[in-house]
Each structure stands twice: as C-alpha cells, then as structure tokens.
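Asker: If you scroll down you'll find the structure; I have some questions about it.
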Amino acid sequence: MFQSIQTPVYAGFWLRFAAYLIDTIIVGLVFVPIGVVLAMILAASGDGGPDEATLGLIQALNGGLNLVSILATWLYSSLLESSSWQGTVGKKLIGLRVTDLDGNRISFGKATGRHFGKMLSSLICLIGFIMVAFTEKHQGLHDQMAGTLVVTGPGGPLPEPPPPPDFSQRGGTLGLG
C-alpha cells in the first residue's frame, strides 16, 4: 500500500578517510618514482654538492613536478567525481558516491569547486575535514561550499515521495457519500 522511501546513507568520516588513503596510494604510485629519480640526480652530482646549473635544473624540475601534481590531482578527482562513477577509485572501491543535494551526479565545475574547497578545509587545521564526523549529513566544509554529499549505496537521484492520498473524491465502489 505504501511505497518505501529510501533515505540516503551518508558516508561517515572513517569510510571517507579509507577512500582518501587508497587515492593517496594511487597518486603516490605515479609521483614517488619521479621524486626518486630527482633524488638520484641530486645524489649523483658528487660529494661537493651540485653545481649551480644542476641545482637550478633540479629546482625547475621540482617546481614543474609540483605544478603537474596539482593539475593531476585536480583532474583525477574532478573528472572521476563528475563521471558516471561519481567518485574516485578509492571512493568506488569503498562503495561511496559524490552527489549533489538531490542525489544527482555533479558537474565538472561543482567537482572542481569541491576539490579546491578541500584546500581551505586543510588550511584551517583540517577542521573542514573533521566536520564530516559531526555534521548531520556528514558534510565537510568543502562539501557544504560545493553543495555536495558523499553517500553509500546504489546510484541515481533520490526518489520523490508518493503523492498524498486524494480524499476529495466521494463515493467509490461502495457507493457511500
């Protein structure tokens, strides 16, 4: 007689942290080897330390690596969270999805805002992330800024509740009224 209304299950702090660790390992698998190569170049420069030209090259490579790292992590999170996966590889493995407030897939722009909002969440002593444990819908500061939720379970928009019964009609099969 009544339809069951599915309420979203909001992902808590520890599930989201586990997904973050998985994503950190994935990104690290790409960037740690590059850092090791730079360190080996520095170590191979001799006992007296690198000359000015080598040191300048290393600093330029390090700056370029930092820029590439920022761009790669932005594209990694924003492209995957706005895709049909609705989350990064870590979130997908844990069974989490990033949605808008209505349960729909988010746009690339919203995912980008959420990604860079994480920088603000980090800058204030990680309080923006700790908020996940204490807010009603388990939203961090970056989620509140972007208007997003992190939920568990199957995808798709949240269902609309059924309309209320219409009692304005009199009569019916029994002929009352």
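Asker: Given the conditions (1) in a helix (DSSP H, G or I); (2) modelled with pLDDT of 90 or more, and given that residue 53 satisfies all but one, which numbered condition is not satisfied?
Answerer: In the conditions (1) in a helix (DSSP H, G or I); (2) modelled with pLDDT of 90 or more, residue 53 misses (2) alone.
Asker: Starting from the stretch 129-157, keep only residues that are over 17 Å from residue 111 (Cα atoms) and outside any loop (DSSP other than H, G, I, E, B), then list their pairs with residues that are at pLDDT 95 or above and of a type in the set (A, V, I, L, M, F, W, C) whose Cβ atoms are within a distance under 8 Å, requiring at least 6 positions of separation or different chains.
Answerer: Pairs found: 130/13; 131/141; 132/13; 133/13; 152/11; 152/15; 152/96.
The values are calculated or read from the model by the stated rules, or taken from the named source; none is laboratory data. Everything numeric here is computed off the predicted structure, so don't read it as measured data. Note: ideal-geometry Cβ built from the backbone for every residue, glycine included; neighbour counts use all protein chains shown.
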